[in-house]
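Engineer: Just dropping this structure here.
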Number of protein chains: 2
Amino acid sequence: MLPRMGRGPSTPQPITSQPVSTALLTDHYELTMLQAALADGTGERASVFELFGRRLPSGRRYGVVAGVQRALDAIEAFRFTDEQVEFLRRDEIVDERTAQWLATYRFSGDVRGYPEGEIYFEHSPLLVVEGTFAEAVVLETVLLSIYNHDTAIASAASRMTWAAGERPCIEMGSRRTHEEAAVAAARAAYVAGFARTSNLEARRRYGVPTGGTSAHSFTLLHDTERDAFVSQVDSLGAGTTLLVDTYDIAEAVRTGVEVAGPGLGAVRIDSGDLADLAHRVRAQLDSLGAHDTKVIVTSDLDEWAIAGLASAPVDGYGVGTRLVTGSGKPTSGLVYKLVARADDDGTMVPVAKRSADKASVGGSKRAHRRLDASGTALAEVVTLDGAPADGRDLVVPLVRGGEVVGREPLDASRERHLRSRGELPIVARQLQPGDPVVPTEHPS
Amino acid sequence: MLPRMGRGPSTPQPITSQPVSTALLTDHYELTMLQAALADGTGERASVFELFGRRLPSGRRYGVVAGVQRALDAIEAFRFTDEQVEFLRRDEIVDERTAQWLATYRFSGDVRGYPEGEIYFEHSPLLVVEGTFAEAVVLETVLLSIYNHDTAIASAASRMTWAAGERPCIEMGSRRTHEEAAVAAARAAYVAGFARTSNLEARRRYGVPTGGTSAHSFTLLHDTERDAFVSQVDSLGAGTTLLVDTYDIAEAVRTGVEVAGPGLGAVRIDSGDLADLAHRVRAQLDSLGAHDTKVIVTSDLDEWAIAGLASAPVDGYGVGTRLVTGSGKPTSGLVYKLVARADDDGTMVPVAKRSADKASVGGSKRAHRRLDASGTALAEVVTLDGAPADGRDLVVPLVRGGEVVGREPLDASRERHLRSRGELPIVARQLQPGDPVVPTEHPS
């Protein structure tokens, strides 16, 4: 493991943040559709929406479900405040009937879906939302925002942690993405195996472990690098991580060990040829008797760079930009489609559009993962509701009658991810672009 | 212009949202550096930080500044609440002295920088933050998050609106990005010339015009497409936009004009070969006497697709995924570096790291844009503070003594962008990758 980067107890203590309405994180057209459907009576038709991806982002072998717990938060907080309803009324976005309907809105339906950390493939029904059309359609935008973002980050993170093997990955990309996306990214990366994050709000809100020591500015602030190192070690202890590439790396390593002693926790290299530098720094540390001092590398790392450093004497990877931008796939292409709705007599009718290249499959779905005798995944089996089970059941209840029933601790999602990833054929670990490693069988 | 997509007054009425603390949208190491610097006294050294990019995202000819007003909001809201300080104390992230310092934190320094909507290039000093090291360093993460995200979106959006010419671009990417990033993206796109957004919170919070009518689910909800169109026209009027590609486009267009009459506002095509379909639909609309009915296209558009549709009879472009992901450049590579700080005797000393490939230039900067006699930009002139002016001054005061002085309405930023983009050599409009169209002269 890494030396502690910054003080703190080993068990973070999340605090529940203030509930904030998520109701306007919504596309305008959800409310115009709602208005028309309330007016003609179809808004009360029982409906089934499905959240899924027609394909994985190109070249990806598997995807990782994330954002489930955030989506449950968003559903609970999907209430229109008086101020919000007044805004919609004043701007004439909706008519009076719709404004009154929204003022008492509360999702009362059912949601089931893949739990957080689970692996997913093409056409996996990540969420199935059942309720009236009116109550289910308005959730579309915020559910897609959360899933498209969080799964993109977790899917990239999983490739990185798999490439890193036993070595810890540290998420430090907050500054490269929207300030709230950063909090969600830190959380999603943790689900997919990252050891910790730099993001303090992710620790406060979700209990993700954090770490951090110093930047180049801290060295530049001081008259000499030695002054900076002395100050840092005085403040954070000899177990801290010293950043050694502000001026000359070899000199900084020598100074660092002189200042902190051979018990120096770690050094961090943030520029240059990291493999070459890691070898040099490791040798220098050993020659100085600092055999337990770790070498941490950072600087535009991604899964390929991490894999390329496998044979270098590196003890941990800090990952920023490439993690928070999904390593080239910053969004997941997930959609939210009406797949069934009631007729006038209450009979459920499967529905699907026939648009070119965007056809969907009607009907409420279930999903199982078929495994071989050794427990390796063979197929993602998506069936219409009611078909016989074929493999491990992938879908769990999340909301029943408007009440959230799918809560779980973040570490449960993290453990599920490791377990589920372990079921994949080993080729899934290869970084080259390819087809999904597990084919999806689905009704069509 | 587009027909109205949804009801609403022409002047949106923003409402100030609840102030929320931004103080924990911060990397852990900002606070560990702070603690060490407070302990050794260097935290009180006068310091200058600069926010800039060493280069534009690869192939980009220019960048667009966005997020300025959001950054001012974030600075004002950068206060540690009692709950936040207690969290930092309980988790031992900072020591007691630092916790007390944070409890009364309030930025008291000066900030100047490029105003929102301005064009920027390599080494443009987008922000110059002056204060003590302690008060300026802690703003690093949140300022970078805002600038790296919002400039990435605005820079992509500007290419799209330039490619679209007089035809309006409509932002509809909320579902493809983090739910709060979506709000900021809608705002940044508007700064860079988008006509409107689908995002309701962007309207409420920032006054960005919104529009929206219906999705495929609305058609599928009804027993027939005609039922859906009748319902929509009853609710939103004949000036609405009907989505015509759920089943058969030609049939939908015919039905739409029958239902709404030749005064139908617009039809939207969301799949297939858009150029071919636009020609067919235009011809069909004309044959039905619906000469004023507009044709709106959506479906994974980006600046290249928009340019490719220039000769097609299209009246507006809806842009989603590619806008909110920065059209391949989802982040801007901006950094926040200490460039000068006081010595023990108070003398300001320029500072810069010498890391491989990441060297920076010490000293507080100014910037001007040198123009030729016709008003076309020739060079970005970055100088050390105090050098003579050479062109149009690019830097304005934003915060003075901790008080925000750089507020402006969103439309002022939007107008500035058009004006500033108009100064660029016309080659800047080309979409091919290339070097920055205006070279930066800077001290080094």
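The values are calculated or read from the model by the stated rules, or taken from the named source; none is laboratory data. All values reported here derive from a predicted model rather than from experimental measurement. Heads up, the Cβs are rebuilt from the backbone with ideal geometry, glycines too, and the neighbour counts pull from every protein chain shown.
Engineer: Just give me the residues in the stretch B:290-299 being touching a strand residue (DSSP E or B) at 6+ places or on another chain (Cβ under 7 Å) and either β-branched (Val, Ile, Thr) or surrounded by fewer than 21 Cβ atoms within 10 Å (Cβ to Cβ) (or both), in sequence order.
Structural biologist: Filtering the stretch B:290-299 for residues touching a strand residue (DSSP E or B) at 6+ places or on another chain (Cβ under 7 Å) gives B:293-298.
Residues satisfying the conditions are B:THR293, B:VAL295, B:ILE296, B:VAL297, B:THR298.
Engineer: Could you say which residue among A:GLY346, A:GLY318, A:GLY363 is touching a residue at least 12 places away in the same chain (Cβ under 8 Å) and surrounded by fewer than 16 Cβ atoms within 10 Å (Cβ to Cβ)? Give the steps one after another, and end with the answer.
Structural biologist: Working: A:GLY318 fails: surrounded by fewer than 16 Cβ atoms within 10 Å (Cβ to Cβ); A:GLY363 fails: surrounded by fewer than 16 Cβ atoms within 10 Å (Cβ to Cβ).
When all the criteria are applied, what remains is A:GLY346.
Engineer: Taking the stated definitions as given, is A:PRO3 away from every other protein chain (no Cβ under 11 Å), modelled with pLDDT under 95 and either surrounded by 21 or more Cβ atoms within 10 Å (Cβ to Cβ) or in a loop (DSSP other than H, G, I, E, B) (or both)?
Structural biologist: Working: away from every other protein chain (no Cβ under 11 Å): yes; modelled with pLDDT under 95: yes; either surrounded by 21 or more Cβ atoms within 10 Å (Cβ to Cβ) or in a loop (DSSP other than H, G, I, E, B) (or both): yes.
When the stated conditions are applied, A:PRO3 passes them.
Engineer: Could you say which residue among A:ILE296, A:ILE249, A:ILE269 is of a type in the set (Val, Ile, Thr), more than 30 Å from A:LEU410 (Cα to Cα), modelled with pLDDT of 95 or more and within 30 Å of the chain's Cα centre (by Cα)? Write out each step before concluding.
Structural biologist: On the way: A:ILE296 fails: more than 30 Å from A:LEU410 (Cα to Cα); A:ILE249 fails: within 30 Å of the chain's Cα centre (by Cα).
Criteria check complete, one pass: A:ILE269.
Engineer: Just to check your reading of the model, which residue among A:GLN232, A:GLN284 is free of Cβ contacts under 8 Å to residues at least 40 places away in the same chain and either touching a strand residue (DSSP E or B) at 6+ places or on another chain (Cβ under 7 Å) or basic (Lys, Arg) (or both)?
Structural biologist: Numbers: A:GLN284 fails: either touching a strand residue (DSSP E or B) at 6+ places or on another chain (Cβ under 7 Å) or basic (Lys, Arg) (or both).
Only one candidate passes the filter, namely A:GLN232.
Engineer: Provide a single number: the residues in the stretch A:222-241 that are within 11 Å of another protein chain (Cβ to nearest Cβ), of a type outside the set (Ser, Thr, Tyr) and part of a helix (DSSP H, G or I).
Structural biologist: Within the stretch A:222-241, residues that are within 11 Å of another protein chain (Cβ to nearest Cβ), of a type outside the set (Ser, Thr, Tyr) and part of a helix (DSSP H, G or I) number 9.
Engineer: Does A:ASP273 satisfy the criteria of being within 14 Å of chain B (Cβ to nearest Cβ), over 30 Å from B:GLY320 (Cβ atoms) and surrounded by fewer than 18 Cβ atoms within 10 Å (Cβ to Cβ)?
Structural biologist: Values: within 14 Å of chain B (Cβ to nearest Cβ): yes; over 30 Å from B:GLY320 (Cβ atoms): yes; surrounded by fewer than 18 Cβ atoms within 10 Å (Cβ to Cβ): yes.
Considered against the rule, which asks whether it is within 14 Å of chain B (Cβ to nearest Cβ), over 30 Å from B:GLY320 (Cβ atoms) and surrounded by fewer than 18 Cβ atoms within 10 Å (Cβ to Cβ), A:ASP273 comes out as yes.
Engineer: Check off (1) crowded, with 23+ Cβ neighbours inside 10 Å; (2) without any contact (Cβ under 8 Å) to a residue 40 or more places away in the chain for B:THR331 and give me the number that stays unchecked.
Structural biologist: Against the list (1) crowded, with 23+ Cβ neighbours inside 10 Å; (2) without any contact (Cβ under 8 Å) to a residue 40 or more places away in the chain, B:THR331 comes up short only on (2).
Engineer: For the stretch A:262-307, give me each residue that is on the phi > 0 side of the Ramachandran plot and either of a type in the set (Asp, Glu) or in a helix (DSSP H, G or I) (or both).
Structural biologist: Step one: list which residues in the stretch A:262-307 are on the phi > 0 side of the Ramachandran plot, which gives A:272, A:289, A:299-300.
Correct list: A:ASP300 only.
Engineer: Check whether at least one residue in the stretch A:300-313 is closer than 23 Å to A:ALA195 by Cβ, crowded, with 16+ Cβ neighbours inside 10 Å and polar (S, T, N, Q), and report yes or no.
Structural biologist: No; the residues of the stretch A:300-313 include none that is closer than 23 Å to A:ALA195 by Cβ, crowded, with 16+ Cβ neighbours inside 10 Å and polar (S, T, N, Q).
Engineer: So is A:ARG354 basic (Lys, Arg) and either farther than 30 Å from B:LEU274 by Cβ or in contact with a helix residue (DSSP H, G or I) (Cβ under 6 Å, 6 or more places away or on another chain) (or both) or not?
Structural biologist: Details: basic (Lys, Arg): yes; either farther than 30 Å from B:LEU274 by Cβ or in contact with a helix residue (DSSP H, G or I) (Cβ under 6 Å, 6 or more places away or on another chain) (or both): no.
The answer is no for A:ARG354.
Engineer: Take the residues in the stretch A:204-221 that are at the interface with another protein chain (Cβ under 7 Å from one of its Cβ atoms) and among the polar types (S, T, N, Q); name whichever of them is nearest to B:SER360 (Cα to Cα). Talk me through it step by step, then tell me what you get.
Structural biologist: Of the residues in the stretch A:204-221, the ones at the interface with another protein chain (Cβ under 7 Å from one of its Cβ atoms) are A:204, A:210-218, A:220-221.
With the extra rule that they be among the polar types (S, T, N, Q), the set shrinks to A:210, A:213-214, A:217.
Working: A:THR210: 28, A:THR213: 21, A:SER214: 18, A:SER217: 11 Å.
The qualifying residue nearest to B:SER360 (Cα to Cα) is A:SER217.
Engineer: Report, by residue number, each residue of the stretch B:242-257 that is of a type outside the set (A, V, I, L, M, F, W, C), loosely packed, with under 14 Cβ neighbours inside 10 Å and part of a helix (DSSP H, G or I).
Structural biologist: Keep residues of the stretch B:242-257 that are of a type outside the set (A, V, I, L, M, F, W, C), which gives B:245-248, B:251, B:254-256.
Okay, now just the ones that are also loosely packed, with under 14 Cβ neighbours inside 10 Å, so B:248, B:251.
Result: B:GLU251, single match.
Engineer: May I ask you to list the residues in the stretch A:164-181 that are over 13 Å from B:TYR147 (Cα atoms) and of a type in the set (Val, Ile, Thr)?
Structural biologist: Correct list: A:ILE170 only.
Engineer: Just name the residue that is nearest to the other protein chains (Cβ to nearest Cβ) out of those in the stretch A:165-203 that are over 15 Å from the mean Cα position of the chain (by Cα) and surrounded by fewer than 24 Cβ atoms within 10 Å (Cβ to Cβ).
Structural biologist: Here the answer is A:PRO168.
Okay, residues lined up against (1) in contact with a Lys or Arg (Cβ under 8 Å, 6 or more places away or on another chain); (2) over 22 Å from A:VAL335 (Cα atoms):
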residue: B:ARG175; (1), (2): no, no
residue: B:ALA195; (1), (2): no, yes
residue: B:THR213; (1), (2): yes, no
residue: B:ASP223; (1), (2): no, yes
residue: B:SER235; (1), (2): no, yes
residue: B:ILE249; (1), (2): yes, no
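Engineer: Yes or no: B:VAL339 of a type in the set (Val, Ile, Thr), touching a Leu at 6+ places or on another chain (Cβ under 6 Å) and in contact (Cβ under 8 Å) with a residue 60 or more places away in the chain?
Structural biologist: Numbers: of a type in the set (Val, Ile, Thr): yes; touching a Leu at 6+ places or on another chain (Cβ under 6 Å): no; in contact (Cβ under 8 Å) with a residue 60 or more places away in the chain: yes.
No.
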